[in-house]
Amino acid sequence: MIRFNKIKQQQKEVASNANGKPIGKKQNAGELRILKDISELNLAEACSISFINGPDDLMNFEVTIKPNEGYYKGGKFIFSFQVPVLYPHEAPKVMCKTMVYHPNINLEGNVCLNILREDWKPVLNINTIIYGLLHLFTEPNHEDPLNGEAADVLRDDPQKFGSNVKRAMAGGKIGNTYFARCI
């Protein structure tokens, strides 16, 4: 876990030792906002965050979601976040790195979450996105699908959908697609 207070203290020390000289790279608005968002994170027990490139790169990170209820209970799903320089005026790019049988996540990892598209507003933050992703696992939505086949099964036969999810999470095959074990 990154110690944000320690990072802020180090930044203050560097600034005070600079004696009025420029202190390295200036942070852009997106970097300042992501620092604020991350310092204010209030993650659910089922979620965790890791900075894959270390504490100096807060614009790229991974979020792991381990749902503790619903069809996906017991699974482990990893999402990559790429935060654009124009954040918060542009939404982060979020991809699911875990192949999952889900109506709102396609096999390439694209995520159908309205707040990442047309409903994005600068007042939203990383915490909101993470809770939105968690909600996709507790309440998958067949009405706005990226994986139409999974959405149809969820709508028409929820029991079969549950069986397919369990098979896929255990490392099984659905149709012609093999899913790696994620439980």
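Values quoted throughout were computed directly from the atomic coordinates according to the rules given, and no laboratory measurement underlies them. All of these numbers come straight from a predicted model, not from anything done at the bench. Cβ sites come from the backbone with ideal geometry, for glycine too, and all protein chains shown count toward neighbours.
Equivalent-ellipsoid semi-axes for the range 113-171 (Cα gyration tensor, √(5λ), whole Å, largest first): 26, 13, 8. The alpha carbons of the range 48-183 stretch over 43, 30, 26 Å along the principal axes, in descending order.
Sparse packing (at most 10 other Cβ atoms within 10 Å of the Cβ) combined with a DSSP loop state is found for the following GluC sites (Glu not before Pro) in the range 110-162: GLU118, GLU143. For the chain, the relative contact order is 17 percent, taking Cα pairs closer than 8 Å that sit 6 or more residues apart in sequence and dividing their mean separation by the residue count. Between GLU143 and ALA29, full extension at 0.36 nm per residue minus the direct alpha carbon distance yields a gain of 37.4 nm.
According to the Cα-based calculation, Rg over Rh for the range 69-115 is 1.03, with Rh computed by the Kirkwood formula. With the simple spin-label model, which puts each label point 7 Å out from Cα in the Cβ direction, the ARG117 to MET95 separation comes to 1.8 nm.
Suppose we flag trypsin sites (Lys or Arg not before Pro) only when DSSP calls them loop and at most 16 other Cβ atoms lie within 10 Å. Which is the longest uninterrupted stretch of the chain? Looking at the chain, 118-180 is the longest stretch - no exposed trypsin sites (Lys or Arg not before Pro) with at most 16 other Cβ atoms within 10 Å.
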